[in-house]
Amino acid sequence: MGVYLYPRLPFLLSPSRPRPVDLSVVIPIYNEEANLGPLYERLCGVLDPMALPGGYELIFINDGSHDGSLALIRQLAARDERVRFVDFSRNFGHQIAVTAGLDRARGEAVAIIDADLQDPPELLPALHQKLREGYEVVYARRRSRQGESVAKKLTAKLFSRLLASITNISIPVDTGDFRVISRKVVAALRQMPEQSKFIRGQISWIGYRQTYLEYDRAERASGTTGYTYRKMFRLALDGITAFSDVPLKAATVSGFVVSGIAFLVMLYTLYARFISHDYQPGWASLMISILFLGGVQLIAVGIIGEYISRLSANARQRPLYIVSEEK
Ligand code: UDP
Ligand code: MG
């Protein structure tokens, strides 16, 4: 009976069990030394006035930075007990860094935010307020984006629409990982052990009541993007393969279509050879069909390979990341 009356009692009794806080903020860090100071100031400037009764914590995940980020994070952690951090043994990627933060978050609510101040910390109170209105996920949708190349904006826009159209869950368009989620959603995420993480897709898959607020995405405050086109392409493939079988089906369908065409061409060839006797030694058509068939086959094999490589990564069951130091 007592357990039901005092759900927090066990935490008060055992000092080894950390006390839950109201809000955890998860911040992945890859070469952000110039942004860390301003980010910390702005986060405190926004979170302190919220006067959360249970307090908040900031969890920095150093994803193998090779600048001074780790030293700065250590300093912050030494002088502020609300700051916790994880230092990875190498660069594991943004999605894995966020996952490590979620694994450690003690908050009733958890915010995910980029370190480069492209996601304004000032939006956090509004996101958190919406969560308290009874939602489990409140994501921030980009009304506009500044200071990013046309190519980046275009690929991001195309990708989010492509993904929305080929998956059977509704992944919101123009949305990154900037959001506030509830304890329940974190618990559900921690039950999803897949190796290729696409967190915004997983959160859509989980369901519950979700809503969004709009914001204008600022320019990166300082430094350069850690998302190379290669990493973006990987993330896109992870998102598609984890949430859609449409490419596999498209490979099958294109196989049927091409075989159908080949069959018609074969009929025509037989007709020309034996009935109308109107044929010429035609290497052009031969070349075209060989190249075309070869192309279609390679694409199909490649698509299958993308799925198989993820299957094998999951079969290996390696840990998602290796921690070198944490507080
Ligand atoms: N990041 C990371 N690991 C990486 C690349 C990026 O932890 O391999 C972090 C980065 O420090 C930032 C967030 O992920 O906090 C978003 O990255 P970035 O701003 O470089 O991406 P963009 O906004 O250009 O898409
Ligand atoms: Mg950025």
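Given the structure, is residue 119 of a type in the set (D, E, K, R) and either closer than 16 Å to residue 31 by Cβ or more than 16 Å from ligand 1 (Cβ to nearest atom) (or both)? No.
The criterion of being more than 23 Å from residue 121 (Cα to Cα), in contact (Cβ under 8 Å) with a residue 24 or more places away in the chain and not hydroxyl-bearing (Ser, Thr, Tyr) does not hold for residue 213. Among residues of region 207-224 being of a type in the set (Ser, Thr, Tyr) and part of a loop (DSSP other than H, G, I, E, B), the one that is nearest to ligand 1 (Cβ to nearest atom) is 224. Pairing each residue of region 221-245 that is in contact (Cβ under 8 Å) with a residue 60 or more places away in the chain with any residue that is within 14 Å of ligand 2 (Cβ to nearest atom) and assigned to a helix (DSSP H, G or I), provided the two are 6+ apart or on different chains, yields C-beta distances under 6 Å for 221/35; 222/34; 222/35; 223/34. In region 159-180, the count of residues that are farther than 22 Å from residue 246 by Cβ, at pLDDT 90 or above, more than 14 Å from ligand 1 (Cβ to nearest atom) and not acidic (Asp, Glu) is one or more. Being without any contact (Cβ under 8 Å) to a residue 24 or more places away in the chain, away from ligand 2 (no atom under 16 Å from the Cβ), more than 17 Å from the chain's Cα centre (by Cα) and surrounded by fewer than 16 Cβ atoms within 10 Å (Cβ to Cβ) is true of residue 132.
Okay, residues lined up against (1) assigned by TED's automatic domain parsing to the domain that holds residue 83; (2) under 15 Å from residue 217 (Cβ atoms); (3) not basic (Lys, Arg):
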site: 114; (1), (2), (3): yes, yes, yes
site: 121; (1), (2), (3): yes, yes, yes
site: 129; (1), (2), (3): yes, no, yes
site: 139; (1), (2), (3): yes, yes, yes
site: 149; (1), (2), (3): yes, yes, yes
site: 162; (1), (2), (3): yes, no, yes
site: 180; (1), (2), (3): yes, no, yes
site: 186; (1), (2), (3): yes, no, yes
site: 190; (1), (2), (3): yes, no, no
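Filtering region 103-123 down to residues that are surrounded by fewer than 22 Cβ atoms within 10 Å (Cβ to Cβ) and among the aliphatic types (A, V, I, L, M), which residue is nearest to residue 136 (Cα to Cα)? In this case the residue turns out to be 123.
Go over the candidates 65, 24 one by one and state the one that is surrounded by 14 or more Cβ atoms within 10 Å (Cβ to Cβ), at pLDDT 95 or above, of a type in the set (S, T, N, Q) and part of a loop (DSSP other than H, G, I, E, B). Spell out the reasoning first.
On the way: 24 fails: part of a loop (DSSP other than H, G, I, E, B).
It is 65.
Which residues, counting only those in region 225-258, are among the hydroxyl-bearing types (Ser, Thr, Tyr), in a helix (DSSP H, G or I) and under 14 Å from the mean Cα position of the chain (by Cα)? The answer is 241, and nothing else. Restricting the search to strands (runs of 3 or more DSSP E) fully inside region 84-188 and requiring at least 2 residues that are over 22 Å from residue 38 (Cβ atoms) and among the basic types (Lys, Arg) gives 137-145.
The values are calculated or read from the model by the stated rules, or taken from the named source; none is laboratory data. Bear in mind the structure is a predicted one, so any value in this text is a computation, not a measurement. All Cβ positions, even for glycine, are placed from backbone atoms using ideal geometry, and neighbour counts span all protein chains on display.
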